[in-house]
1. When region 102-116 is examined, which residues are found to be over 10 Å from the mean Cα position of the chain (by Cα) and β-branched (V, I, T)?
2. Taking the residues in region 15-32 that are in contact with a Phe, Trp or Tyr (Cβ under 7 Å, 6 or more places away or on another chain) and surrounded by 21 or more Cβ atoms within 10 Å (Cβ to Cβ) as candidates, determine which candidate is nearest to S104 (Cα to Cα).
3. Would you pick out the residues in region 60-96 that are at pLDDT 80 or above, open to solvent by 100 Å² or more (accessible area, probe 1.4 Å) and of a type outside the set (V, I, T)?
Amino acid sequence: ASAKHDLDLAVLINCDGGYTDTVCYFCHQTIEKSLKTVLIANDIWDFPKVHKLKILLKRVFVFVPEIKDFTSSIVQMDKYFIETKYPPDIPIIYSHDEAEQALSMATKIYEFTEKIIQKQSSAPAQT
């Protein structure tokens, strides 16, 4: 639910013509929490407590090899955490097109991971 809340916030801020850096930040958070949810759904609780999507992606890949199709997009989203959470002296302003692209990617990753989790939870237990 937390990833969905962040995605919903990004959508609301974006619809209001809001701050693009905040939209991108919540898109990063959506993807980060989606990846961590996949790990938890696979009973992995000792994942690194990091915000670096590339590191989380490597752990998720073990359980969901299909996620490789999103690798370059996910890694590209990493900049939105550091740059928006700890900005330099000059504020970073992303274009509305970039915020739209980030929102589109966050939505795709969120929906993909939700389907994976649902599929895994409905699969019969292996013995």
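The values are calculated or read from the model by the stated rules, or taken from the named source; none is laboratory data. It should be emphasised that the depicted structure is a prediction, and the values quoted were computed from it without experimental measurement. Glycine also receives a Cβ, built like all others from the backbone with ideal geometry; neighbour counts cover every protein chain displayed. Remember, those area values only see protein heavy atoms, side chains included, never the ligands or the DNA or RNA. Shrake-Rupley method; radii C 1.70, N 1.55, O 1.52, S 1.80 Å.
1. I116, the sole residue that qualifies.
2. Filtering region 15-32 for residues in contact with a Phe, Trp or Tyr (Cβ under 7 Å, 6 or more places away or on another chain) gives 20-21, 24-25, 27-28, 30.
If we keep only those that are surrounded by 21 or more Cβ atoms within 10 Å (Cβ to Cβ) as well, we get 20, 24-25, 27-28, 30.
On the way: T20: 14, C24: 11, Y25: 13, C27: 9, H28: 12, T30: 11 Å.
The extreme case among them is C27.
3. Within region 60-96, K68, D69, Q76, H96 qualify.
Here is a yes/no grid of residues against (1) open to solvent by 60 Å² or more (accessible area, probe 1.4 Å); (2) part of a helix (DSSP H, G or I); (3) in contact with a strand residue (DSSP E or B) (Cβ under 8 Å, 6 or more places away or on another chain):
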site	(1), (2), (3)
L7	no, yes, no
I13	no, yes, no
I44	no, no, no
H51	yes, no, no
K58	yes, yes, no
